[in-house]
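*Asks:* Questions regarding the structure given below will be posed in turn.
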Amino acid sequence: MELTIIQKIAIYALPVIFAITVHEAAHGYVAKYFGDMTAFNAGRITLNPIKHIDPFGTILLPALTIMLGGILFGWAKPVPVDFGRLRHPKKDMLWVAAAGPASNFVMAVFWVLVLKYSVFAPEAFAYPLALMAKAGVAINVILMVLNLLPLPPLDGGRIAVSLLPYRFARPLANIEPYGFVILIVLLFTGVLGDILKPLIAIVNGLLVSIL
């Protein structure tokens with residue numbers, strides 16, 4: 001059955017909001033654990049989606065990509081992290097950055113379990129719940145893979161900066177002001193989709209093998 005645009009948005013809304021919200025809250029929580037209170041003081045270590053929603057990146061752009069049928073794409077307001085306040089800035093940056101993609105992987109596992117057990121839901125809810133669970137898996141896998149690309153300010157870029165020697169880390173970090181522009185160009189030229197699709201397939205295969 002072909003879904004209408006309204007039905008697609010209704011199915012995707014909850015998984016999108018929580019995928020992005022938990023991702024950002026995870027960054028803030030881990031930053032607090034390693035000594036930076038910036039996100040905590042700003043009230044951003046919360047599962048309240050209103051605190052994290054970016055009108056364009058969290059609502060408009062994902063809705064457009066869902067309607068156009070491309071790779072689902074979006075972002076939330078970045079959680080403020082002062083890496084200089086971490087106890088070991090270069091080393092701890094890795095864990096702060098990795099927290100977001102890790103949270104998406106955990107949520108993908110959650111949605112796989114929801115999909116698996118949706119058959120036991122009352123008949124009226126089983127099919128919509130299964131569709132929402134499939135959307136939840138897809139969204140979280142896409143966000144995890146996307147954010148692990150080694151391009152600052154994506155999490156993968158910060159992980160790379162943390163792991164690389166200073167002589168390589170500094171030039172990579174200097175790309176950060178242009179990172180989102182590069183990402184948008186890759187998205188609208190189709191290159192981003194070509195990069196992500198095989199990686200998404202690998203993660204989906206991993207989820208199937210685990211569960």
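The values are calculated or read from the model by the stated rules, or taken from the named source; none is laboratory data. The shown structure was predicted, so the numbers you read here are calculated from the model rather than taken from an experiment. Please note: Cβ atoms are built from the backbone with ideal geometry, for glycine as well, and neighbour counts cover all protein chains shown. The protein model used for the area step is the full one, side chains on, heavy atoms only, and it has no ligands, DNA or RNA in it. Shrake-Rupley method; radii C 1.70, N 1.55, O 1.52, S 1.80 Å.
*Asks:* Once neighbouring chains are kept in place and the probe is 1.4 Å, which whole percent of the accessible area of region 8-48 is contributed by carbon and sulfur?
*Replies:* 68 percent
*Asks:* Using 0.36 nm times the number of residues separating LYS91 and SER209, minus their current alpha carbon distance, what extension gain do you get?
*Replies:* Going from the current span to full extension adds 39.3 nm.
*Asks:* Now, a different point. Give the accessible surface of the chain per residue, rounded to a whole number of Å², with probe radius 1.4 Å and ligands, DNA and RNA excluded.
*Replies:* I get 54 Å² per residue for the chain.
*Asks:* Also, I was wondering about something else. Mind checking the full-extension length gain between VAL106 and ILE5? Use 0.36 nm per residue of separation minus the Cα-Cα distance, one decimal, nm. It would help to have the intermediate numbers written out before the result.
*Replies:* On the way: separation 101, 0.36 × 101 = 36.36 nm, distance 2.80 nm.
Contour length minus the Cα-Cα distance gives 33.6 nm.
*Asks:* Let me ask something else. Relative contact order, percent, of the chain when contacts are C-alpha pairs under 8 Å separated by at least 6 residues? Intermediate values should be presented prior to the final figure.
*Replies:* Details: 278 pairs, mean separation 41.7, N = 211.
After rounding, I find 20 percent.
*Asks:* Starting from the 7 Å offset along Cα-to-Cβ, what nm value, one decimal, do you get for the label separation of ASP194 and LEU163?
*Replies:* Calculated label separation equals 2.5 nm.
*Asks:* Classify region 139-204: rounded, prolate or oblate, from the alpha-carbon gyration tensor (a ≥ b ≥ c, eigenvalue square roots; a/c under 1.5 rounded; otherwise prolate if a/b is larger than b/c)?
*Replies:* Note, shape of region 139-204 comes out oblate.
*Asks:* How long are the semi-axes of the equivalent ellipsoid of region 11-126, taking √(5λ) for every eigenvalue λ of the Cα gyration tensor, in whole Å from largest down?
*Replies:* Calculated on Cα positions only, the semi-axes equal 30, 17, 12 Å.
*Asks:* Now, a different point. Taking the Kirkwood radius as the inverse of the mean 1/r across Cα pairs, report the Rg/Rh of the chain.
*Replies:* That ratio equals 0.98.
*Asks:* Do you know the relative contact order of region 150-211, to the nearest whole percent, from alpha carbon pairs under 8 angstrom that are 6+ apart?
*Replies:* Reported relative contact order: 24 percent.
*Asks:* On a straight-distance basis, which lysines could pair with LYS51 in a cross-link, Cα separation under 30 angstrom, same-chain partners fewer than 8 positions away excluded?
*Replies:* Answer for LYS51, where 30 Å is the Cα cut-off: LYS8, LYS32, LYS77, LYS90, LYS91, LYS134, listed by chain and number.
*Asks:* Under the 0.36 nm per residue contour assumption, what length would be gained going from the current alpha-carbon distance of ILE184 and VAL119 to full extension? If you can, show how the numbers build up before the last one.
*Replies:* Numbers: separation 65, 0.36 × 65 = 23.40 nm, distance 3.87 nm.
Answer, rounded to one decimal: 19.5 nm.
*Asks:* When the C-alpha atoms of region 111-156 are aligned to their principal axes, what extent does each axis show, in angstrom, from largest down?
*Replies:* Extents along the principal axes: 46, 14, 8 Å.
*Asks:* Going by Cα centres, region 85-140 and region 1-64 are how many Å apart?
*Replies:* Comparing the Cα centres of region 85-140 and region 1-64, I get a distance of 12 Å.
*Asks:* Moving on to the next point. Apply the membrane-span-like helix rule to the chain: whole DSSP H runs, Cα extent along the own long axis of at least 24 Å, mean Kyte-Doolittle hydropathy at least 1.6. List the helices found.
*Replies:* Within the chain the helices that satisfy the rule are 191-210.
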